[in-house]
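Student: Got a structure here, written out as structure tokens. Questions coming.
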Amino acid sequence: MKIKLSKTLCDGFGTCAAHAPGLFALDEWGYASLMGDGSVSPDQEANAERAIINCPVHAISKEQGGRQPPTEAGEPGAPQ
Ligand code: SF4
């Protein structure tokens, strides 16, 4: 899973860093930035989902077009 953050939308509420302190850093005014390239390790995915859901201005989203989970047939991204 990979996430992205819109610094244009971010309004400095800081809830993302409260939910996922390993993924977001806040500047001195409370505006967020991603720590790293937005890649989320499996053990951080629940925190990332909470950050996405709880951002009041929807500044955080999942990046589309990443690697898809394998299907039963073992083909990544094949229609189900
Ligand atoms: S929760 Fe949203 S608005 Fe608040 S700091 Fe994080 S990205 Fe910005």
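Student: Check GLU45 against each of (1) part of a helix (DSSP H, G or I); (2) of a type in the set (D, E, K, R); (3) within 10 Å of the ligand (Cβ to nearest atom) and name the one condition it does not meet.
Tutor: Here GLU45 meets the rest and fails (3).
Student: Out of all the residues in region 16-29, which are farther than 11 Å from ILE60 by Cα and either of a type in the set (A, V, I, L, M, F, W, C) or near the ligand (Cβ under 6 Å from one of its atoms) (or both)?
Tutor: ALA17, ALA18, ALA20, LEU23, ALA25, LEU26, TRP29
Student: Now for a different question. Scan region 30-46 for residues that are under 9 Å from the mean Cα position of the chain (by Cα) and without any contact (Cβ under 8 Å) to a residue 40 or more places away in the chain and jot them down.
Tutor: Of everything in region 30-46, those that are under 9 Å from the mean Cα position of the chain (by Cα) and without any contact (Cβ under 8 Å) to a residue 40 or more places away in the chain turn out to be LEU34, GLY38, SER39, VAL40.
Read the figures in this text as sums done on the coordinates, not as results from a lab. Here the structure is a predicted model, which is why all the values come from computation and not from measurement. Cβ atoms come from the backbone with ideal geometry, glycine included; neighbour counts cover every protein chain shown.
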